Amino acid sequence: MVNQNVKDWENWIKIFDSRKPIREAAGLTDRAMGYEEWNHQMVMFVDVVNDLKKAKAYFNSAELKDLMKAAGVEGEPTVYFYKLVKKFCGE
């Protein structure tokens with residue numbers, strides 16, 4: 001899961017959507033995305049991590065840092081890696 005502030009939701013989502021194949025190559029599968037109800041600049045998205053080594057390399061890459069700058073990400077995103085232990089929806 002990633003939380004981050006962005007300057008402009010519309011610009012950010014356009015760039016995020018265009019990078020789906022890159023995220024998939026990095027072992028990530030998109031699951032959910034949204035923003036705070038009262039603050040469209042606080043963005044959150046959740047991916048399934050299919051390859052932890054590739055995913056960590058992607059999140060630490062210079063390419064992603066440049067992309068985040070172009071997408072208007074402000075400050076450092078907060079990235080969480082966690083293991084799903086119970087699923088409540090769609091059971």
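Surface composition of the chain: carbon and sulfur make up 55 percent of the accessible area, probe 1.4 Å. Net charge in the neighbourhood of Phe81 (other residues with Cβ under 13 Å of its Cβ; Lys, Arg +1, Asp, Glu -1) is +2. Accessible surface area normalised per residue over the chain is 71 Å², counting heavy atoms of protein chains with a 1.4 Å rolling probe. Excluding Asn3 itself, what net charge comes from residues whose Cβ is under 11 Å from its Cβ, given Lys and Arg +1 and Asp and Glu -1? Counting the neighbours of Asn3, the net charge comes to -2. The modelled label-to-label distance for the pair Lys83/Glu37, using points 7 Å beyond Cα in the direction of Cβ, is 3.4 nm. Helices that extend 18 Å or more along their long axis by alpha-carbon positions and average at least -0.5 on the Kyte-Doolittle scale are absent among the DSSP H runs of the chain.
Normalised by the number of residues in the chain, the mean separation of alpha-carbon contacts (under 8 Å, six or more apart) gives a relative contact order of 42 percent. Legend: residue pairs Lys53/Lys86; Lys65/Lys87; Lys14/Lys86; Lys7/Lys53, Cα-Cα distance threshold 26 Å; pairs beyond threshold, Lys65/Lys87; Lys14/Lys86; Lys7/Lys53. Net charge of the neighbourhood of Arg31, taken over other residues with C-beta under 13 Å away and scored Lys/Arg +1, Asp/Glu -1, is 0. For the chain, the Kirkwood estimate of the hydrodynamic radius, built from every pair of different alpha carbons, is 13.8 Å.
The values are calculated or read from the model by the stated rules, or taken from the named source; none is laboratory data. Keep in mind the model is a prediction, meaning the values are calculated, not measured. Glycine also receives a Cβ, built like all others from the backbone with ideal geometry; neighbour counts cover every protein chain displayed. SASA here: full protein model, heavy atoms, side chains in, ligands and nucleic acids out. Shrake-Rupley method; radii C 1.70, N 1.55, O 1.52, S 1.80 Å.
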